[in-house]
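J.: Quick one: the structure is below, and I'll ask about it shortly.
The numbers here are math on the coordinates, done by the rules we state, and not lab data. Owing to the predicted nature of the structure, the values given are computational and were not obtained by experimental measurement. Note that we place each Cβ from the backbone using ideal geometry, even for glycine, and neighbour counts take in every protein chain shown.
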Amino acid sequence: MNARLRLVADRSAATAEHPPAGAEPLHEEPGPGAARCLGLYAKLAAGVTVVTARGEDGPLGMTVSAVTSLSARPPLLLACLRDGSRTLAAVRLRRTFAVHLLREEQQELAGRFASPTTTAAERFAGTETRQVLGVPVLAGALAWSVCLTEDVRRYGDHHLVVGRMAAVHVGAGRPLLWHDRRFGVVTEPVPDAAG
C-alpha cells in the first residue's frame, strides 16, 4: 500500500482532548488511563462516516469514525455509536439505519454532524437527502448502505451496532479520513470502483 495521507487542519481537534461542557467525563478503570487510551485511539486511521436514522420528529445523524466490515455472507457492518445519542435511540427503535462513507471534500459535513451544539435540523440543512427503506440517505457520499439492525450491545461508553446491509451504493472518488484528531485525504490516485 503506497498511498500517502495528507492531514488537514481541523478546529474540532480540541474537542477530542477537551470535551464540551456538560459532557460526562471518562471514568478511570484499572489499567492505562483514559488519556493514554485516547492517545492510542487517535493514531488509528479511519474513514469518516455519517450514520443516519429516522427519528420520531425527523431525520437524525452523527459522525462516526468507528465503522467496519464484519461479514460478507451475510453482509454485515459494525458501527460504534455513543451511548445516549439520539441517533442510537432511533436505530434501536426503528431497527434501520444508513452508513455513509464521506468524500474528501465533505469535511464541513462531517464537522456539522459531529458538533454537539448543532441541532438535527441544522445538520441536515442544505444537504440533499432521499428516503431508502424509510431511512434518510445523504446525497453525494462516496458510498452508502442502508442496514437492518441485527444486534446492539453496550460496551463502555459506546454501543456496538451490527447491521445487515439491505441496500448499497458505491461511487468513485477518494474518502475523507480521520487520523491524529485531524481530517486527512489520500494523496495518490485511487482507482474508480463500481458496485
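J.: Among Thr127, Ala98, Leu70, whose Cα sits farthest toward the positive end of the charge dipole of segment 34-152 (+1 at Cβ of Lys/Arg, -1 at Cβ of Asp/Glu, about the Cα centre)?
T.: Value: Leu70.
J.: Let me ask something else. Give me a comma-separated list of calculated 3J(HN,Hα) values for segment 97-114, in order, Karplus coefficients 6.51, -1.76, 1.60 applied at θ = phi - 60°, integers in Hz, x for any Gly or Pro.
T.: 6, 10, 10, 10, 8, 7, 7, 4, 8, 9, 4, 4, 4, 4, x, 5, 6, 8
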